[in-house]
Amino acid sequence: MELLGLYNYWVFPVLLMTGLYAIMSRANLIKKLIGLSMFQAAVFLLYITMDKIEGGTAPILQAGNPEQLYSNPLPQVLILTAIVVGIATLALGLAIVVRISETYGTIEEDEIQGQDAE
Amino acid sequence: MSSLATHLPVLQVVVPLLTAPLVFMLRQHGLAWAATTAASLCAFAVAIELSTAARGGATLVYEVGAWPAPYGIELVVDAFSALLLLMVTGASVFALLIARRSLEAEIPEQRLHLFYAAWLLALAGLSGIVVAGDAFNIFVFMEISALATYVLVAGGPRRQALPAVFRYLVMGTIGATFYLIGVGLIYMMTGTLNIADMEMRIRDVSDLRPVLVAGGFITVGLALKAAVFPLHAWLPNAYTYAPNAVTVFIAACSTKVSLYVLLRFDFVVFQGNQAGHVAQFAMFMLPLAIFAIVIASILALREANLKRMLAYSSVAQIGYILFGAGLVSATGLTGGIAHMFNHALAKGALFLAVACLATSLSATAVSDLAGAARRMPFTMAAFVIAGLSLIGIPGTAGFIGKWFIVVAALEHGVAGALLILPVLAGSLIAVLYIWRVVESAYSSPAGDMATRQEAPLPMLATLWFVVLLNVYFGLQPSLPLDLARSAAARLLLP
Amino acid sequence: MVVIVFEIFLLTLLVITAVGIVRSRDLFSAVMLLGLFSLQIAVIFFILDAADVALTEAAVGAGVSTVLLLGALALTSDREARPKGRRLLALGVASITALILIYASFDQPRLGDPQAPVHQHVAPWYLEQTPKQIDVPNVVTAILASFRGYDTLGELFVIFTAGIGVLFLLADGSGRGARSQLPSAEAQGLRHHLIPRVVGALLVPFIVLFGLYVQFHGDFGPGGGFQAGALVSAGVILYALIEGEASALRVLSFRALAGMIAAGALLYTGVGLAGILRGSQFLDYSVLLADPIAGQHLGIILIELGVGLTVTGVLLTIFHAFAARAQKR
């Protein structure tokens with residue numbers, strides 16, 4: 001049971017590194033961005049796992065129930081910001097990919113490098 | 001007005017931030033440039049005011065929203081941050097002074113207002129990182145500056161700018177995310193995000209594994225953003241294909257801001273709290289620094305493209321800064337921090353010269369510069385002086401930091417003396433690669449290169465002003481040195 | 001106990017989905033799987049008591065990013081070429097980093113541990129002070145909008161920067177985009193398909209209405225400006241898909257969207273400066289009105305409105321910029 005409580009912290013690096021593997025091993029630029037999204041989402045899991053408290057509930061205060069335990073609201077606030085950062089990066093990255101595709105006619109990294117080497 | 005003075009730390013960020021949406025709505029590009037420059041000048045004035053206070057030994061603390069730290073977000077301006085603010089805002093002002101003419105050829109007129117809005121956001125983001133006293137807030141402003149910088153680099157006139165900026169975006173995001181993981185792990189073990197509070201609370205948990213791993217993630221993530229060798233792969237092409245004015249701006253300050261966060265975290269949060277951190281830091285940083293100095297200098301020597309040559313030289317100069325920091329002594333840190341400022345001056349001047357050269361030459365290769373000195377004598381003369389400053393000739397700004405670094409290494413006896421050999425080798429190679437440019441430019445001209453066609457006067461004046469600053473701070477180094485000394489003293493505080 | 005088992009099941013499913021995304025050579029299915037990945041992780045966030053984050057991740061991860069990725073696929077190619085080399089290096093780096101993080105996990109507090117440092121220091125203060133100083137039930141909103149309002153200002157400018165960047169890269173900069181062009185087949189949307197038209201027409205008003213509810217109800221339940229912006233834009237995007245680009249631009253033109261983007265950013269910063277002008281610190285809402293708690297309420301409503309305006313403006317501008325690019329081809 002003690003170890004099961006760490007399961008989230010094991011899934012987090014696995015997801016993180018699945019994302020990094022996609023970024024490093026794939027030449028397709030959109031696939032790289034998909035990997036980058038997963039890479040960022042894994043970090044959301046790290047933070048949100050921290051907020052949980054046994055017997056707690058979402059940090060929306062209930063009037064007339066002073067004994068209620070609440071989960072930690074701070075990591076949630078941070079991750080709301082991080083999600084926005086993620087979508088902003090994705091949007092900008094995709095815009096660059098669209099321009100690359102129009103200029104080079106491909107979105108495979110090795111083919112782009114091949115064209116510039118000529 | 002005394003009340004306004006207390007708000008300076010936040011105004012440093014808010015002035016460019018507030019101007020960005022205004023510039024976005026101004027569709028007329030001349031007005032957009034004027035508003036951007038005015039906001040930069042205002043930010044520069046704020047930075048000068050703050051550095052005067054910091055030189056007097058004051059540390060300004062600002063609680064945003066009037067919430068006390070560590071519950072609210074705190075801004076902190078001390079000597080180290082003041083020095084960085086001078087660099088960031090100064091680089092923005094000087095780059096903008098040449099940007100008007102320089103960007104005309106590079107960016108379509110109807111997109112310029114978007115470009116200037118991105119410029120202001122980059123400025124606000126970098127300033128925001130420097131003044132932040134909160135680890136997560138640093139991440140937020142790091143992302144503003146990063147996204148805005150991607151836009152600026154993507155404005156480059158050649159198509160290679162696009163793959164270059166894509167790589168920059170991917171590596172920059174990985175770096176920032178590593179930093180975020182490190183901050184998360186520290187938060188998990190200390191329950192706080194405020195850096196000063198972390199310093200206190202990390203003592204009880206400093207030997208636990210998550211904190212050790214957090215140190216690694218923060219260092220690697222920021223090293224990636226600071227283009228520390230061997231994580232510099234994004235830098236050469238990003239600097240090369242960015243518009244010339246943008247290269248001036250980001251080459252002078254953006255990697256140094258990441259280095260600043262790196263040093264603050266390593267020295268303030270980890271150093272002195274973790275057993276053996278000093279040795280670990282030195283063992284990790286010194287080899288990287290030496291490799292950076294030697295290998296990047298050699299790469300610069302072999303590089304045919306002028307801008308990319310200077311970009312590799314930047315990777316080498318980051319090595320010098322890390323070398324000074326890696327010695328973990330007052331003299332070494334003073335040298336490293338002073339070198340941040342002085343290298344910003346030297347490299348800023350060199351890229352300004354490149355921007356001036358580009359107004360009348362189409363050449364980007366060093367070998368194509370033949371006759372450039374005949375065609376643009378004032379620009380090339382400025383390039384030579386800035387080059388001397390980059391090499392570190394006494395009497396120029398570039399000398400000061402390197403001198404302190406050498407003295408600090410010699411404090412370590414024979415081992416230190418051996419360590420400075422690669423440092424000196426790096427400077428010798430710098431002589432060679434600057435000489436290549438000079439030799440080519442002063443050789444006899446081919447074709448129409450003999451006719452005089454200088455850069456426009458405002459650009460030339462800006463270039464010469466920065467070049468003279470290199471000489472001024474070489475002879476009168478007290479401003480950067482005072483700030484660097486108190487910054488080093490603060491970092492080494494147990 | 002049941003919750004833990006369920007969570008472990010979902011996390012395992014998440015890993016399987018992630019591997020599926022990497023292995024899939026068809027980018028279209030990779031994008032769809034990524035949307036599914038976001039939905040799964042949103043459910044996990046909900047189980048972990050993070051209702052606001054779950055709502056946002058569902059709207060952004062499964063909604064907005066899927067739309068953007070599909071838009072980009074339409075403009076590029078949806079097949080991935082066979083990758084060459086570099087796999088071993090990638091596998092090595094990824095495995096070592098993952099092992100380091102798993103090594104770190106053994107000193108970490110286990111899930112839900114009430115003794116964990118994160119539950120001791122700053123967090124209890126927020127839970128205790130929110131009713132006294134801000135008096136909104138949703139503590140997440142209180143921290144987001146007031147205690148750490150400066151972060152949220154930064155967040156707004158992150159999305160603002162992305163909007164400027166996409167416009168700079170994709171639009172012609174005149175701010176007119178596709179308005180002057182004749183509607184092509186794509187621009188006419190799904191006008192000739194009966195079922196999506198009828199269902200969509202029914203859904204759009206409800207989505208927008210729900211977005212507005214989330215905007216103004218964020219103090220009490222999960223929600224706020226960002227989620228509202230994402231929902232309203234989803235509604236308008238759906239409208240654009242059904243009725244065509246041009247009809248959506250008639251409702252909210254490029255110029256109007258640009259106005260929203262700038263107005264939201266100026267509103268947030270302006271509220272911050274009002275704090276200084278009223279003699280306190282930047283972003284101190286307590287001084288906006290005579291009663292500090294009323295001032296906090298006013299400040300939170302205004303800045304959430306600013307966030308909502310900018311986010312809606314940016315997301316729709318990005319969508320239209322991608323769509324306009326498609327019409328040019």
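The values are calculated or read from the model by the stated rules, or taken from the named source; none is laboratory data. Remember, it's a predicted structure, so these values are computed and weren't measured experimentally. Heads up, the Cβs are rebuilt from the backbone with ideal geometry, glycines too, and the neighbour counts pull from every protein chain shown.
Out of (1) buried (at least 21 other Cβ atoms within 10 Å of the Cβ); (2) modelled with pLDDT of 90 or more; (3) in contact with an Asp or Glu (Cβ under 7 Å, 6 or more places away or on another chain); (4) over 20 Å from B:Ala487 (Cβ atoms), the odd one out for B:His29 is which?
Single failed check for B:His29: (2).
Quickly run through region A:48-74 and pick out the residues that are more than 7 Å from every other protein chain (Cβ to nearest Cβ) and not small (Gly, Ala, Ser).
Scanning region A:48-74 gives A:Gln62, A:Asn65, A:Pro66, A:Glu67, A:Gln68, A:Leu69.
Has region B:440-460 got at least one residue that is surrounded by 15 or more Cβ atoms within 10 Å (Cβ to Cβ) and out of contact with any helix residue (DSSP H, G or I) (no Cβ under 8 Å at 6 or more places or on another chain)?
Scanning region B:440-460 turns up at least one residue that is surrounded by 15 or more Cβ atoms within 10 Å (Cβ to Cβ) and out of contact with any helix residue (DSSP H, G or I) (no Cβ under 8 Å at 6 or more places or on another chain).
For B:Leu41, are the conditions met, namely being surrounded by fewer than 21 Cβ atoms within 10 Å (Cβ to Cβ), within 14 Å of another protein chain (Cβ to nearest Cβ) and in a helix (DSSP H, G or I)?
For B:Leu41, the condition - surrounded by fewer than 21 Cβ atoms within 10 Å (Cβ to Cβ), within 14 Å of another protein chain (Cβ to nearest Cβ) and in a helix (DSSP H, G or I) - is not met.
Can you name the condition, by its number, that B:Arg302 falls short on among (1) closer than 16 Å to B:Asn237 by Cα; (2) in contact (Cβ under 8 Å) with a residue 40 or more places away in the chain?
(2)
Just one of the numbered conditions (1) in contact (Cβ under 8 Å) with a residue 24 or more places away in the chain; (2) in contact with a Gly (Cβ under 6 Å, 6 or more places away or on another chain); (3) away from chain B (no Cβ under 11 Å) is not true of C:Ala326; which one?
With (1) in contact (Cβ under 8 Å) with a residue 24 or more places away in the chain; (2) in contact with a Gly (Cβ under 6 Å, 6 or more places away or on another chain); (3) away from chain B (no Cβ under 11 Å) applied to C:Ala326, the lone miss is (2).
Residues in region A:35-43: is at least one within 18 Å of C:Thr56 (Cα to Cα) and more than 7 Å from every other protein chain (Cβ to nearest Cβ)?
Within region A:35-43, one or more residues are within 18 Å of C:Thr56 (Cα to Cα) and more than 7 Å from every other protein chain (Cβ to nearest Cβ).
Would you confirm, using the coordinates I've provided, whether C:Pro117 is more than 7 Å from every other protein chain (Cβ to nearest Cβ) and farther than 19 Å from C:His217 by Cα?
Taking the combined requirement at face value, the residue does not satisfy it.
State which residue is farthest from the other protein chains (Cβ to nearest Cβ) when the search covers only region B:142-158 and only residues that are small (Gly, Ala, Ser) and over 16 Å from the mean Cα position of the chain (by Cα).
Checked region B:142-158; the qualifying residue farthest from the other protein chains (Cβ to nearest Cβ) is B:Gly156.
Working only within region A:75-97, note down all residues that are within 14 Å of the chain's Cα centre (by Cα) and more than 7 Å from chain C (Cβ to nearest Cβ).
The answer is A:Leu78, A:Ala82, A:Gly86, A:Thr89.
Determine which single condition A:Ala88 fails, assuming it passes every other condition in (1) without any contact (Cβ under 8 Å) to a residue 24 or more places away in the chain; (2) surrounded by fewer than 23 Cβ atoms within 10 Å (Cβ to Cβ); (3) part of a helix (DSSP H, G or I).
(2)
In region B:105-134, how many residues are more than 20 Å from the chain's Cα centre (by Cα), assigned to a helix (DSSP H, G or I) and of a type in the set (Gly, Ala, Ser)?
Final tally of qualifying residues: 1.
Going by the conditions given, is B:Val76 crowded, with 24+ Cβ neighbours inside 10 Å, under 25 Å from B:Met198 (Cβ atoms), within 14 Å of chain C (Cβ to nearest Cβ) and touching a Gly at 6+ places or on another chain (Cβ under 7 Å)?
The answer is no for B:Val76.
From (1) more than 8 Å from chain C (Cβ to nearest Cβ); (2) touching a helix residue (DSSP H, G or I) at 6+ places or on another chain (Cβ under 6 Å); (3) more than 26 Å from C:Arg148 (Cα to Cα); (4) without any contact (Cβ under 8 Å) to a residue 60 or more places away in the chain, pick out the condition that doesn't hold for A:Ile100.
So the condition that A:Ile100 fails would be (4).
Here are B:Ala105, B:Ala38: which of them is modelled with pLDDT of 95 or more and either under 30 Å from B:Met459 (Cα atoms) or not small (Gly, Ala, Ser) (or both)?
B:Ala38
Name every residue in region C:127-150 that is assigned to a helix (DSSP H, G or I), surrounded by 23 or more Cβ atoms within 10 Å (Cβ to Cβ) and at the interface with chain A (Cβ under 10 Å from one of its Cβ atoms), in order of residue number.
Once the filter is applied, which keeps residues that are assigned to a helix (DSSP H, G or I), surrounded by 23 or more Cβ atoms within 10 Å (Cβ to Cβ) and at the interface with chain A (Cβ under 10 Å from one of its Cβ atoms), region C:127-150 yields C:Thr130, C:Val139, C:Val140, C:Thr141, C:Ala142, C:Ile143, C:Leu144, C:Ala145, C:Phe147.
Mind telling me which of the residues C:Ala62, C:Ala94 ends up being touching a Phe, Trp or Tyr at 6+ places or on another chain (Cβ under 7 Å) and either surrounded by fewer than 21 Cβ atoms within 10 Å (Cβ to Cβ) or outside the structural domain of C:Gly218 (by TED's automatic domain parsing) (or both)?
Only one candidate qualifies: C:Ala94.
Across region C:1-11, what is the number of residues that are of a type in the set (Val, Ile, Thr) and within 8 Å of chain A (Cβ to nearest Cβ)?
2
Quick check, is B:Leu224 closer than 17 Å to B:Ala344 by Cβ and under 17 Å from the mean Cα position of the chain (by Cα)?
no
Go through the residues of region C:100-113 one by one and say whether even a single one is part of a helix (DSSP H, G or I), free of Cβ contacts under 8 Å to residues at least 60 places away in the same chain, closer than 16 Å to A:Ala58 by Cβ and among the β-branched types (Val, Ile, Thr).
No, every residue in region C:100-113 fails to be part of a helix (DSSP H, G or I), free of Cβ contacts under 8 Å to residues at least 60 places away in the same chain, closer than 16 Å to A:Ala58 by Cβ and among the β-branched types (Val, Ile, Thr).
If we only count helices (runs of 4 or more DSSP H) wholly inside region C:216-293, which ones have 1 or more residues that are within 14 Å of chain B (Cβ to nearest Cβ) and charged (D, E, K, R)?
The helices (runs of 4 or more DSSP H) meeting that bar are C:254-277.
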